[in-house]
1. Looking at region A:24-38, is at least one residue farther than 20 Å from B:A92 by Cα and at pLDDT 95 or above?
2. Scan region A:60-84 residue by residue and report those that are more than 19 Å from A:N24 (Cα to Cα) and either touching a Lys or Arg at 6+ places or on another chain (Cβ under 7 Å) or within 14 Å of another protein chain (Cβ to nearest Cβ) (or both).
3. Could you run through region A:23-46 and say how many residues are in a loop (DSSP other than H, G, I, E, B) and under 17 Å from A:G62 (Cα atoms)?
4. So which residues in region B:1-41 are charged (D, E, K, R), within 25 Å of A:V4 (Cα to Cα) and not in a strand (DSSP E or B)?
5. Just checking, which of A:G100, A:G95, A:G105, A:G59 is closer than 26 Å to B:K36 by Cα and without any contact (Cβ under 8 Å) to a residue 24 or more places away in the chain?
6. Does B:N75 meet the test of being closer than 17 Å to B:F90 by Cβ and either open to solvent by 30 Å² or more (accessible area, probe 1.4 Å) or within 11 Å of another protein chain (Cβ to nearest Cβ) (or both)?
7. State all residues of region B:42-81 that are of a type outside the set (S, T, Y) and assigned to a loop (DSSP other than H, G, I, E, B); if no residue qualifies, say none.
8. If I ask for residues that are loosely packed, with under 14 Cβ neighbours inside 10 Å and either within 11 Å of the chain's Cα centre (by Cα) or β-branched (V, I, T) (or both), which ones from region A:1-19 would you list?
Amino acid sequence: AQSVSQHNHHVILSEAASLELGCNYSYGGTVNLFWYVQYPGQHLQLLLKYFSGDPLVKGIKGFEAEFIKSKFSFNLRKPSVQWSDTAEYFCAVNGGTSYGKLTFGQGTILTVHP
Amino acid sequence: DTAVSQTPKYLVTQMGNDKSIKCEQNLGHDTMYWYKQDSKKFLKIMFSYNNKELIINETVPNRFSPKSPDKAHLNLHINSLELGDSAVYFCASSQRSGRGTQYFGPGTRLTVL
């Protein structure tokens, strides 16, 4: 079965700091990869996705992620975070025999201090 | 112009009751899903329907019964509610029979007392 692992449970940064959230997945075949964000009290919103092509994908609000197939990783980055980025971030994978089923990581809470 | 909507947003009920949550999408997608987010914020799929047909049924107690009257609607009925059913339930939809990006509804926070 697929699994997704997010390395950090809670990340605390000051505004303007750079961000990198780790995500690794277990399936070795073709996958679709996603990062979702959940702001406090709100629903999941898509930040960015990778299906194929350029492994460096850009999303909304200045976020980007890099797919490294050899490392089974899809890390999320942002060069300079803002207080409004405070939220929980979820990495998710859809692939293999589980097409249609998104497998989520445990989530990383990001707190940005002004 | 809400894409995926759910009702109700909050649901508080007693153990043993039966309740339903409704979901509608106006994106023209062919696949809909129910996910459960537990108290630790872990999200896990419960069901998936493609064109009104059940295609994913994870290990979910049969007290949970999804129903899809048409491809724009996927409702979740829960019988004999238990304390452990307390969670946030998210509906989602996608195109391309499950291979497309999934868009989520606002969630229904269910509290069983």
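1. Yes, there is a match, as at least one residue in region A:24-38 is farther than 20 Å from B:A92 by Cα and at pLDDT 95 or above.
2. A:I60, A:G62
3. Summing the residues that are in a loop (DSSP other than H, G, I, E, B) and under 17 Å from A:G62 (Cα atoms) in region A:23-46 gives 1.
4. Within region B:1-41, B:D38, B:K40, B:K41 meet the criteria.
5. Just one listed residue meets the conditions, A:G100.
6. Taking the combined requirement at face value, the residue satisfies it.
7. B:F42, B:N51, B:K52, B:E58, B:V60, B:P61, B:N62, B:R63, B:K71, B:A72, B:N79, B:L81
8. Across region A:1-19, the qualifying residue is only A:I12.
The values are calculated or read from the model by the stated rules, or taken from the named source; none is laboratory data. Computed from a prediction, not measured in an experiment: that's the story for all the values here. Virtual Cβ from ideal backbone geometry, glycine too; neighbours counted across all protein chains shown. Side chains included, ligands, DNA and RNA excluded: accessible areas come from the protein's heavy atoms. Shrake-Rupley method; radii C 1.70, N 1.55, O 1.52, S 1.80 Å.
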